[in-house]
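These notes concern the structure reproduced below.
Please treat every number below as a calculation from the coordinates, not as lab data. Source: prediction; values computed, not measured. As a convention, Cβ positions derive from the backbone with ideal geometry for all residues, glycine included, and neighbour counts pool all protein chains shown.
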Amino acid sequence: MADTTVRAGVADLALHQAGQPGGHPVMRPVTGAGDHPGSAVGRPGLVAIGTHGGAGVSTLVRLLDPSRSGAVVEWQTGMAAGADRVPLLVARSTAAGTMAAAGWITQWRPDLPRPVLVLVADVPFRAPPVVRYRVRALSSQVVGVVEVPYMFLLRHFDDPADALTNRKIIRAVKSVHRQLDKLSGGS
């Protein structure tokens, strides 16, 4: 499919790199109408936005929406995402990752739905002090913070969705779904 636009509701949101200071995108409303497949599963649709390269967005999207129903989409430059989609700002749980997330969060327009910060663990250890500090500092500016644990077993699969046969992976993904449902008001 060549269509890179996901339409939902009357006011769609688009992220644009308009030569902003620091290279952080600015979000603006875009008119449009339509429906998204995520509404059929009883939870709001999600749009995952990588705050930096290597944040883990494509892996997260495959794990959260293995059937590719459109319930979770990965945002691409120029893509519009419906106002009824919950924005997920995805970052690695590193100093550089949380710094990039901070840039996005501080540039977030107040007239747009507040995002959820999703931190993807890069190692199976506790986050460094600077990361924990930044997460505490940013937590009041987002709907909530969801932590995705390090999943070593994903290294063995070409497609992350294929790992959903493993109990540990299933448990971790269900935990992420529960956290997101709690924050986004899903069922």
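Go ahead and run the numbers for FRET between R109 and V130, Cβ-Cβ distance against an R0 of 25 Å, rounding to 0.05.
For R0 = 25 Å, the calculated efficiency reads 0.40.
Expressed in nm to one decimal, what extension gain is obtained for the pair K182 and A95 from 0.36 nm per residue of sequence separation less their Cα-Cα distance?
Working it through step by step, the gained length comes to 28.6 nm.
Nearest 0.05, what FRET efficiency do I170 and S139 give at R0 = 25 Å with Cβ-Cβ as r?
Numbers: r = 28 Å, r/R0 = 1.10.
With a Förster radius of 25 Å, E is 0.35.
Taking 0.36 nm per intervening residue step and subtracting the Cα-Cα distance, what contour gain separates D122 from Q76 on full extension?
14.3 nm
If packing is taken as the average number of other Cβ atoms within 10 Å across a peptide's residues, how do 119-131, 60-72 rank, most packed first?
Per-residue mean Cβ counts within 10 Å order the peptides as 60-72, 119-131.
Hey, with R₀ at 25 Å, roughly what FRET efficiency would D158 and S69 work out to, going by the Cβ-Cβ distance, to 0.05?
E(calc), rounded to 0.05, equals 0.75.
How much space per residue, in cubic angstrom, does the convex hull of the C-alpha atoms of the range 95-187 take up? Don't jump to the answer; show the numbers that get you there.
Details: hull volume 11.2 nm³, N = 93.
That works out to 121 Å³ per residue.
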